[in-house]
Amino acid sequence: MLEKMIFGRYIPGDSFIHKLDPRSKLLFVLFFVVAVFLANNVATYGLLLAFTLFVIFISRIRLYFLLNGLKPILILIIFTFLMHIIFTKEGTLLVDLKIIKIYEEGLRQGIFISIRFLVLVLMTSILTLTTSPISITDGMEDLLNPFKRFKLPVHELALMMSISLRFIPTLMDETDKILKAQLARGSDISTGSIKQRIRAVIPLLVPLFVSAFKRAEELAIAMEVRGYRGGEGRTRYRQLTWGSRDTISMVLLVMLIGALYLLKG
Amino acid sequence: MKEILSLEQVSYSYPTDDDEVVKAIDGVSLSVKDGEWIAIVGHNGSGKSTMAKLIIGLLFPQDGVVNVFNEQLTNENLWDIRSRLGIVFQNPDNQFVGSTVQDDVAFALENNGIPFEEMVKRVHESLKQVKMSEFLDHEPHHLSGGQKQRVAIAGALALRPNLLIMDEATSMLDPQGRDEVIRIVQELKQRTGLTVISITHDLEEALLADRIFVMNKGKILQTGTPDEVFKHGEQLESIGLDMPFALRVSELLRKNGLSLEGEHMTEEELVNELWTSHFKM
Ligand SMILES: Nc1ncnc2c1ncn2[C@@H]1O[C@H](COP(=O)(O)OP(=O)(O)O)[C@@H](O)[C@H]1O
Ligand SMILES: [Mg+2]
């Protein structure tokens, strides 16, 4: 189940989308999310859906893989669709099954909302699937740079993010090790009442926290002796480069928003 | 030769809640010359790490003076001095800051505001020195402990330091990783004349040094070349250090009536002595 989930996962590749600068991808998704709310008729929703499918196509991520990974969310979408069909009672009556009456407006609303939900989820998934977490962090840091003036600790937040990302596998390994060590001592977190299970988790969390604090302290020392003094006067090793690809995608975005504006009712 | 580091009557004790104060470093004086390989040995809690922290200015002594590159270490020149020395710590995981090998090597360069083109050059140069060039884009959790320590050394070398300190940098590694790291540092020292201070409680490793400082209870008990220091084997054992294997064997052989000539520091020396000793008889 968890292995199939694609939320927050990154699939390396070399498609057009993979090669885009994280900044252009972030900007694109940000404006796309806003633009989705312009749609209000068949033409605009059709355009959004077609555009999303086009993006998926050039990202070379298989649609089946994508939908399979988004199953829990698809269920949610189907649920909202049904709710709209059942509870909206406007327009002409289309189907009459005595208990359930489906009206034209209900069907319309249901389809529109489902498409809106679906394109939002698909677009953000494409972003995270084609961009490594560290690139997303870099992109965010760069885009948020102007907000430094308002005392937003942009560099510190980005560094925190990147160190957290770097330590996730390390801490996972450690959790695994501690879990096995506790299992060997007869602790069991998979059976028993809720209360018993919670109690069994404590001997797992305590050593994990103790070690995490020790790591944090040693890491801070290692950073300090390597000359880390905050963001002031630092140069950057990971460079972001804005290419013609990124300009193209921005032009596409403007065209999409323009078309949505013209087509909306 | 030029002096690169000196401590004069340095004392340090950690702040404690109760009144009883134990000096972690107690009136230590020492001097290290440019290009030397120094091993500092001593059992756990003898003050080795505290000494390293005093040298890189993570701690300041309550008494005495620490001079690095002929300058007294103060709050003002701290960052300048740190940019000219590198230190590698014990735990390979807890000093890996970057998300990939090359990011980690670049970390100190970024902090010191080195321009991008120069960074790229130095990252490649440093990784080549520790033979990790093929691992440029690897993530830390896909590296062995020895590889991570080599990356840490590369990270320390990137700023082209005059002095490299290793605080038990090999103690968490398997024998293979340990050998890798030691060999790399040995080669580096021969090629570039880097000054190395290697803190260890492994006496085999200490054999490679030009001079050994033996620490006990915050004091320097003994200083000398490996030959000189290991002559007083009983003393080292009395403070809880394990003698190198070859020395232990040759001593036991002597005790049991075999007449061996000279001192044997390494297994090879001992084996050579053993198989040739018959011919002399
Ligand atoms: N952060 C600390 N706070 C208090 N006491 C410490 C701290 N670090 C080390 N000590 C004490 O200082 C002494 C020397 O420790 P250390 O320099 O770490 O020894 P070594 O590295 O040789 O094992 C020990 O007695 C230790 O308990
Ligand atoms: Mg220590």
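Hydrodynamic radius of region B:173-214 by the Kirkwood approach over all distinct alpha-carbon pairs: 11.0 Å. Any chance you could check the Cα centroid distance between region B:1-72 and region A:234-265 for me, in angstrom? Answer, in whole Å: 57.
Taking the average, over residues, of other Cβ atoms within 10 Å as the packing measure, peptides A:59-65, A:190-196, A:164-170 rank A:164-170, A:59-65, A:190-196 from highest down.
Measuring spread by the Cα atoms of region A:164-216 yields a radius of gyration and Dmax of 12.1, 35 Å.
Candidate cross-link partners of B:Lys217 among the lysines, defined by an alpha-carbon separation under 28 Å and a same-chain spacing of 8 or more, comprise A:Lys214, B:Lys23, B:Lys33, B:Lys48, B:Lys53, B:Lys231. Note on region B:103-159: Cα-Cα pairs beyond 19 Å make up 20% of the total pair count. Which of these, A:Glu105, A:Glu156, A:Glu232, has the largest mean-square fluctuation under a Gaussian network model of chain A (Cα springs below 10 Å)? Ranking A:Glu105, A:Glu156, A:Glu232 by mean-square fluctuation puts A:Glu232 first. Counting only helical runs of four or more DSSP H residues, what would the 222 nm mean residue ellipticity of chain A come to if each run contributes -39,500 (n - 2.57) and the total is spread over all its residues? Mean residue ellipticity, 222 nm, calculated: -23500 deg cm²/dmol. Based on the reciprocal of the average 1/r between different C-alpha atoms, the Kirkwood radius for region A:225-265 equals 14.1 Å.
From most to least packed by mean Cβ count within 10 Å, the peptides B:151-159, A:11-19 give B:151-159, A:11-19.
Each Cα pair under 8 Å and six or more residues apart adds its sequence gap; the mean of these over the residue count of region A:71-164 is a relative contact order of 20 percent. Counting only DSSP beta bridges whose two residues both lie in the protein assembly as shown, roughly 55 percent are antiparallel. Principal axis extents of the Cα atoms in chain A, from largest to smallest and rounded to whole angstrom, are 70, 56, 36. Comparing B:Val123, A:Ile99, A:Leu20 along the charge dipole axis of the protein assembly as shown, the residue lying farthest to the positive side is A:Ile99, per the Cβ-charge model.
Of the complete DSSP H runs in chain A, those spanning 15 angstrom or more by Cα along the long axis with a mean Kyte-Doolittle score not below 1.0 are A:22-35, A:42-59, A:71-87, A:104-130, A:244-263. Across all directions, the shadow cast by the convex hull of region B:142-233 built on its C-alpha atoms averages 6.8 square nanometres.
Each 20 Å bin from zero holds the following percent of Cα-Cα pairs in the protein assembly as shown: 17, 39, 28, 13, 4, 0. Shielding by partners for peptide A:237-247, expressed as the average number of C-beta atoms from other protein chains within 10 Å of each residue's C-beta, is 2. You can think of it this way: the chain between A:Ser15 and A:Leu93 has 23.4 nm of extra reach, that is 0.36 nm per residue less the Cα-Cα gap. Separation of region A:39-80 from region A:169-197 is 39 Å, based on Cα centroids.
Put simply, the Cα atoms of region A:102-203 extend 60, 53, 27 Å along their principal axes, the longest span coming first. For region A:37-151, taking the reciprocal of the average inverse distance between every pair of different Cα atoms yields a Kirkwood hydrodynamic radius of 16.7 Å. For the listed peptides A:26-38, B:51-63, a ranking on the average number of other beta carbons within 10 Å per residue, highest first, reads B:51-63, A:26-38. Entry for chain B at q = 0.11, 0.13 Å⁻¹: log10 I(q)/I(0) = -0.69, -0.93, Debye formula applied to identical alpha-carbon scatterers, no solvent contribution. Taking every C-alpha pair closer than 8 Å and separated by at least 6 residues, the mean separation divided by the residue count of region B:114-246 gives a relative contact order of 17 percent. Report summary: the helix-based calculation at 222 nm, which adds -39500 (n - 2.57) for every DSSP H run with n ≥ 4 and divides by the residues of chain B, gives -11500 deg cm²/dmol. Peptide A:162-169 shows a mean partner chain C-beta count of 4 within 10 Å per residue C-beta.
Each principal axis of region B:88-132 carries a Cα extent, and these read 30, 23, 17 Å when sorted largest first. Here the contact order of chain B, divided by its residue count and restricted to Cα pairs under 8 Å and six or more residues apart, works out to 22 percent. Ranking B:Gln72, B:Asn162, B:His141 by Cα position along the charge dipole of chain B, where only Lys, Arg, Asp and Glu carry charges on their C-beta atoms, puts B:Asn162 farthest toward the positive end. For chain B, which span is the longest to avoid every loop-located (per DSSP) member of GluC sites (Glu not before Pro) having at most 14 other Cβ atoms inside 10 Å? Between exposed loop sites, the widest span is B:77-260.
Throughout, read-outs are computed from the coordinates displayed, never taken from laboratory work. Computed from a predicted model, the values in this text were never measured in an experiment. Because the Cβ atoms are built from the backbone with ideal geometry, glycine has one as well, and the counts that use them run over all protein chains shown.
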